[in-house]
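As structure tokens, the structure follows; a few thoughts come after it.
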Amino acid sequence: MLRFASLASGSQGNCLVAQAEDTIVMIDCGLSLTETERRLARAGLEPGAVDAILVTHEHGDHACGVFDFAAAHSARVYLTHGCHAALRAEGKVTEGVKTVIIQGRSAFALDSMEVHPFTVPHDAREPVQYVVSDGASRLGVLTDIGASTAHVEQTLSGLDALVLECNYDRDMLWNGGYPKWLKARIAGPFGHLDNVDSERLLAALDRSRLKHVIGAHLSQQNNRPQLARAALARAMGCEESWIGLAGQEDGFDWRSL
Ligand SMILES: [Zn+2]
Ligand SMILES: [Zn+2]
């Protein structure tokens, strides 16, 4: 059995929970300790049940709560060397937390879960994203990527579930109030995917096994839920209502494979 839920998704904090048999991981923890505990309770989980945190990259909306949570609840932390170095330089690494340095292209077993990290272009030190599996079904998570790559599309083909960034609508970003440098960073090759990029990426995948597609990391200033949903539905050739969305406050409720 593989199931997953989101506690939060967006530039104010990201945290996804995935469970394979009796193994529970969080992918990122970009919330305070108390907020993470509150939202885990909402999802019906004790914080002590979380075995490990898989970290994608050091940006605060993904990593600000990682070591606080891990220290408080004896969770292991998995991250790349570059991400670890970046967090250490910011004074965000807590000594005594069991830390495992991973390679961006090497799959590994984490108790009952198979974890397959993969590298992405994003303006962090050594960013990765993850596919996790119980051996039968595979869930892919992809946010914080400036542009798709052949490697990413190969990795995400044939998944059973996909949580996919739809960060911004191009017109809303360029016509909006962000400073020019920030607009350029977001839209640049190491920034984020817009709705059209995500639609193209999804359309390029083998989608034959997909049972869940969820738009994630939507900008609250530069996107609208209905635009992201419509883009992903076009790629899937499905009803818009079939596409899920991950919210900043609510994340999304458990989905099972
Ligand atoms: Zn982010
Ligand atoms: Zn980021």
Inset, instruction - Would you please name the residue that is nearest to ligand 2 (Cβ to nearest atom), looking only at residues in the range 165-212 that are in contact with a Gly (Cβ under 6 Å, 6 or more places away or on another chain) and of a type in the set (A, V, I, L, M, F, W, C)? - result: 190
Inset, instruction - Could you please let me know if residue 40 is under 30 Å from residue 209 (Cα atoms), out of contact with any Gly (no Cβ under 8 Å at 6 or more places or on another chain) and part of a helix (DSSP H, G or I)? - result: yes
Legend entry - In the range 47-85, the residues that are within 16 Å of ligand 1 (Cβ to nearest atom) and open to solvent by 60 Å² or more (accessible area, probe 1.4 Å): 64
Inset, instruction - Take residue 123 and decide whether it is in contact (Cβ under 8 Å) with a residue 24 or more places away in the chain and either under 17 Å from residue 206 (Cα atoms) or more than 15 Å from ligand 2 (Cβ to nearest atom) (or both). - result: no
Inset, instruction - Having 1 or more residues that are out of contact with any Pro (no Cβ under 7 Å at 6 or more places or on another chain), of a type in the set (Gly, Ala, Ser) and open to solvent by less than 50 Å² (accessible area, probe 1.4 Å) is the bar; report the strands (runs of 3 or more DSSP E) wholly within the range 145-257 that clear it. - result: 161-165, 212-216
Inset, instruction - Search the range 141-156 for residues that are away from ligand 2 (no atom under 16 Å from the Cβ) and pair each with any residue that is modelled with pLDDT under 95 when their beta-carbon atoms are under 9 Å apart and the residues are at least 6 apart or on different chains. - result: 151/105
Inset, instruction - Evaluate the range 86-97: report whether one residue or more is within 16 Å of ligand 2 (Cβ to nearest atom) and open to solvent by 30 Å² or more (accessible area, probe 1.4 Å). - result: yes
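Residues checked against (1) out of contact with any Phe, Trp or Tyr (no Cβ under 9 Å at 6 or more places or on another chain); (2) at pLDDT 95 or above; (3) under 27 Å from residue 19 (Cβ atoms); (4) among the hydroxyl-bearing types (Ser, Thr, Tyr):
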| residue | (1), (2), (3), (4) |
| --- | --- |
| 105 | no, no, yes, no |
| 119 | yes, yes, yes, yes |
| 124 | no, yes, yes, no |
| 129 | no, yes, yes, no |
| 135 | yes, yes, yes, no |
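The values are calculated or read from the model by the stated rules, or taken from the named source; none is laboratory data. Bear in mind that the values here come from a model prediction, so they are computed numbers and not experimental data. Note: ideal-geometry Cβ built from the backbone for every residue, glycine included; neighbour counts use all protein chains shown. These accessible areas exclude ligands, DNA and RNA; they are computed on the full protein's heavy atoms, side chains included. Shrake-Rupley method; radii C 1.70, N 1.55, O 1.52, S 1.80 Å.
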